[in-house]
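Heads up, the thing below is written out as structure tokens.
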Amino acid sequence: MNKKQLALELSKLDEFTSPNVKLEQYPTTSEIAADALWQINLDKNIKDKVIADFGCGHGVLGIGALILGAKKVYFVDVDKDALSIAKTNLKSLNKNFKSYFMNKNIKDVKIKTDIVIQNPPFGVKSTHSDKIFLLKAMETAPVIYSFHKYSTKKFVESFCKDHNFTPRLIQRYKFPLKRSMFFHIKRVHLVDVGVWRITKN
């Protein structure tokens, strides 16, 4: 499978029908998910790895990781409806993937994995939610791949260093936020987003 084929497979997944404003539920596009996962795979951090997808939403990152050969993926989301969509999406592939679905607040998650891949809330509607996700990821795995608004670069990198992790920006995207909330004016709003590889020292 190549990156284009992965993006095509991920594009078939269902997304949110009624996104939650407070949870900042903006689905990662299939193209961005495929590109980021391909980079992570080139780092040899997917195949045969146990991975956690925190704030999994409709499951695009975790499902993509399974397609690329992850040993097992934990799908974690506080929203039962989002988790249900992720389950349905995974089932639609008709593959015998190892997965575990956890309907929990991220603060209450207690697992250990090889890798965490996450696109957490950007902390716009719920202040410091991105920090909460980073802390939990650091408790969970020695290697983390995390999406954040590029404008928070200084915070992300200093926060990681303060917690004995080394951050490295590996990708940068114009992240399209589709008009899915009632207060949105533009049909698509582009947000500058970075993906960091964060490793324990």
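The values are calculated or read from the model by the stated rules, or taken from the named source; none is laboratory data. Note that the structure is a prediction, hence the values are computed from the model and not measured. When we count neighbours, we look across all protein chains shown, and the Cβ atoms used for this are built from the backbone with ideal geometry, even at glycine.
A few remarks follow.
- Condition met for Phe75 (in a strand (DSSP E or B) and farther than 18 Å from Ser146 by Cα): no
- Residues that are at positive phi and of a type outside the set (Lys, Arg) were ranked within the stretch 32-83; the one that is farthest from the chain's Cα centre (by Cα) is Asp48.
- Sole exception among (1) touching a strand residue (DSSP E or B) at 6+ places or on another chain (Cβ under 9 Å); (2) surrounded by 18 or more Cβ atoms within 10 Å (Cβ to Cβ); (3) touching a residue at least 60 places away in the same chain (Cβ under 8 Å) for Ser99, by number: (3)
- The residues of the stretch 37-64 that are crowded, with 24+ Cβ neighbours inside 10 Å and either among the acidic types (Asp, Glu) or assigned to a helix (DSSP H, G or I) (or both), listed by number, are Leu37, Ile40, Asp53, Val60, Leu61, Gly62, Ile63, Gly64.
- Matching residues, the stretch 108-132, being charged (D, E, K, R), modelled with pLDDT under 95 and not in a loop (DSSP other than H, G, I, E, B): Asp130, Lys131
- Within the span defined as the stretch 87-106, every residue fails to be under 20 Å from Leu177 (Cβ atoms), touching a Gly at 6+ places or on another chain (Cβ under 6 Å) and not hydroxyl-bearing (Ser, Thr, Tyr).
- Scan of the stretch 171-198 for residues that are modelled with pLDDT of 90 or more and surrounded by 15 or more Cβ atoms within 10 Å (Cβ to Cβ), ordered by number: Gln171, Tyr173, Val193, Gly194, Val195, Trp196, Arg197, Ile198
- Cross-chain or 6+ apart pairs with Cβ under 7 Å, the stretch 9-28 first and within 23 Å of Lys95 (Cβ to Cβ) and of a type in the set (D, E, K, R), then at pLDDT 65 or above and crowded, with 18+ Cβ neighbours inside 10 Å: Glu9/Ile67; Asp14/His58; Asp14/Ile85; Asp14/Asn89; Glu15/Pro27; Glu15/His58
Conditions tested, residue by residue: (1) β-branched (Val, Ile, Thr); (2) over 21 Å from Gln5 (Cα atoms).
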residue: Ile46; (1), (2): yes, no
residue: Ile67; (1), (2): yes, no
residue: Phe75; (1), (2): no, yes
residue: Ala82; (1), (2): no, yes
residue: Phe97; (1), (2): no, no
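- The stretch 130-162: number of residues that are of a type outside the set (Val, Ile, Thr) and surrounded by fewer than 22 Cβ atoms within 10 Å (Cβ to Cβ): 16
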